[in-house]
Amino acid sequence: MSISQRSSTTYNPNGRSSERHLPVDLLRGLIIVLMALDHANYFVAQQHSSGEYWGGPTPVFPSTLAFLTRLVTHYCAPGFFFLMGVGMTLFAMSRRNRGWSDRKIIQHYLLRGSLLILIQIFIINRIWESGPFPFPPFYIGVFFALGGGMILSSFLLRVKSLPLLFLALTLFIGTELLHPDPALWNLLETDLFNLILLRSGGTASFWSNYPILPWVELILLGMAFGQWLQKKPLKAYRQAAITGLVFLISFMVLRTLDGFGNIRPSPGNSWRDFLTLVKYPPSMTFTLFTMGSNLLLLWFFSRISNAVRSVVNPLVVFGRVPLFVYLLHLPLYLLLGRLITPRGSHLEIMYLIWLLGLVCLYPLAVWYGRFKQRQPPNSILRFL
């Protein structure tokens with residue numbers, strides 16, 4: 001029996017059970033682990049890429065290992081937005097079954113989205129400022145976009161899957177069409193409205209890596225998938241595999257043509273150049289490559305047998321408390337970097353410290369996962 005054919009069950013104090021979709025938790029857990037690798041690379045090795053923008057210099061990597069280390073972490077941000085959309089739909093459905101009104105569900109997400117934005121501004125940005133590289137006082141990061149996208153998408157939770165997919169496709173193509181030419185890089189720094197909503201860039205005091213609208217398309221895709229998952233899980237996971245393959249084939253076509261859908265041309269003719277994609281904001285090719293891979297991974301996790309469950313269970317543990325792990329792992333790797341590698345390190349050393357950090361985080365994630373399940377549905381502690 002595959003994991004998709006049975007759900008893990010947790011219990012609240014009233015004895016009622018709530019089902020969880022294990023492949024979703026597994027993918028989220030894998031993304032957490034890869035995200036930790038990316039940030040260990042930043043704080044410990046101090047070899048994090050500074051490129052991947054729609055204009056300016058393209059990223060330079062000192063080795064193939066450095067390039068691959070960055071490449072695998074590209075799956076994280078798209079996966080976070082997609083899985084947030086899945087979670088929003090599943091949460092809304094479960095709360096309606098408990099008698100919540102649509103207004104109460106929207107209010108919940110307005111609060112939660114606002115909290116994510118505040119966490120970005122007052123907690124995460126302060127940690128980045130303490131890191132090894134200069135950092136702007138005000139930064140539009142992934143939590144800002146997650147919170148803003150959550151707020152906007154919360155008003156669409158009653159919309160059926162096909163209209164959601166149409167709107168996602170409109171954003172997917174429309175944000176690419178609206179994007180300025182790469183030649184205008186460094187000429188639009190003060191347009192704050194566009195920096196928050198449409199494109200990356202800014203000044204030394206205000207910088208945007210994650211404008212909201214180019215990422216909302218993935219939240220909407222996740223919301224549509226959540227509806228399929230709630231109705232027919234096995235069919236939904238098969239559809240994820242088919243969609244993932246279509247995405248990867250489309251990526252190959254658009255990247256080979258090297259025109260529309262790439263935002264800027266490939267920097268060269270090598271395989272590394274072929275996979276050097278614009279992430280800030282995500283080009284169509286970046287989204288197709290990363291989400292195609294994420295959807296195939298989701299299908300793969302749905303096929304894992306119960307005998308393998310104990311091996312991958314740490315991913316489930318991390319995947320069920322993602323915000324808690326996120327808020328812990330940044331100061332942890334910042335501290336490890338300061339204590340062990342204050343001047344940076346080779347990637348081999350960084351990988352060992354990355355694993356050490358995961359070992360430290362795992363028992364805390366186990367504890368908080370159990371603590372979280374004992375909290376009432378309205379508790380703010382469940383946000384973590």
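A few comments on the model shown:
- Candidate set: the range 135-158, residues that are in a loop (DSSP other than H, G, I, E, B) and touching a residue at least 60 places away in the same chain (Cβ under 8 Å); chosen: the one surrounded by the most Cβ atoms within 10 Å (Cβ to Cβ): 157
- Of the residues 272, 338, the single one that is surrounded by fewer than 19 Cβ atoms within 10 Å (Cβ to Cβ), assigned by TED's automatic domain parsing to the domain that holds residue 38 and assigned to a helix (DSSP H, G or I) is 338.
- Residue match in the range 246-256 (condition: polar (S, T, N, Q), modelled with pLDDT of 95 or more, in the same structural domain as residue 174 (by TED's automatic domain parsing) and closer than 23 Å to residue 210 by Cα): no
- Counting only residues that are surrounded by fewer than 15 Cβ atoms within 10 Å (Cβ to Cβ) and basic (Lys, Arg), the range 65-116 holds 3 of them.
- Residue that is nearest to residue 82 (Cα to Cα), among those in the range 248-260 that are surrounded by fewer than 20 Cβ atoms within 10 Å (Cβ to Cβ) and in contact with a helix residue (DSSP H, G or I) (Cβ under 6 Å, 6 or more places away or on another chain): 248
- Exclusive hit being in a helix (DSSP H, G or I) and more than 28 Å from residue 121 (Cα to Cα), set 325, 312, 366, 317: 312
- Residue match in the range 298-305 (condition: more than 17 Å from the chain's Cα centre (by Cα), part of a helix (DSSP H, G or I), closer than 18 Å to residue 256 by Cβ and at pLDDT 95 or above): no
- Test: residue 154 is in contact with a strand residue (DSSP E or B) (Cβ under 8 Å, 6 or more places away or on another chain), in the same structural domain as residue 265 (by TED's automatic domain parsing) and among the polar types (S, T, N, Q): no
- Scanning the range 108-127 for residues that are more than 13 Å from residue 143 (Cα to Cα) and touching a helix residue (DSSP H, G or I) at 6+ places or on another chain (Cβ under 9 Å) turns up 108, 109, 110, 111, 127.
- Number of the exception - residue 68 against (1) of a type outside the set (Val, Ile, Thr); (2) over 18 Å from residue 34 (Cβ atoms); (3) part of a helix (DSSP H, G or I); (4) without any contact (Cβ under 8 Å) to a residue 12 or more places away in the chain: (2)
- Filter result for residue 234 (outside any loop (DSSP other than H, G, I, E, B) and either surrounded by fewer than 24 Cβ atoms within 10 Å (Cβ to Cβ) or in contact (Cβ under 8 Å) with a residue 40 or more places away in the chain (or both)): yes
- Enumeration of residues in the range 17-59 that are closer than 27 Å to residue 307 by Cα and either modelled with pLDDT under 90 or touching a strand residue (DSSP E or B) at 6+ places or on another chain (Cβ under 7 Å) (or both): 17, 18, 19, 20, 21, 22
- Within the range 202-222, the presence of a residue that is in contact with a Ser or Thr (Cβ under 9 Å, 6 or more places away or on another chain), exposed (fewer than 13 other Cβ atoms within 10 Å of the Cβ) and within 16 Å of residue 58 (Cα to Cα) is excluded.
- Residue in the range 108-130 that is assigned to a loop (DSSP other than H, G, I, E, B) and at negative phi present: yes
The values are calculated or read from the model by the stated rules, or taken from the named source; none is laboratory data. Because the structure is predicted, anything quoted here is derived from the model rather than measured. Methodologically, a virtual Cβ is constructed for each residue, glycine included, from the backbone with ideal geometry; neighbour enumeration extends over all protein chains shown.
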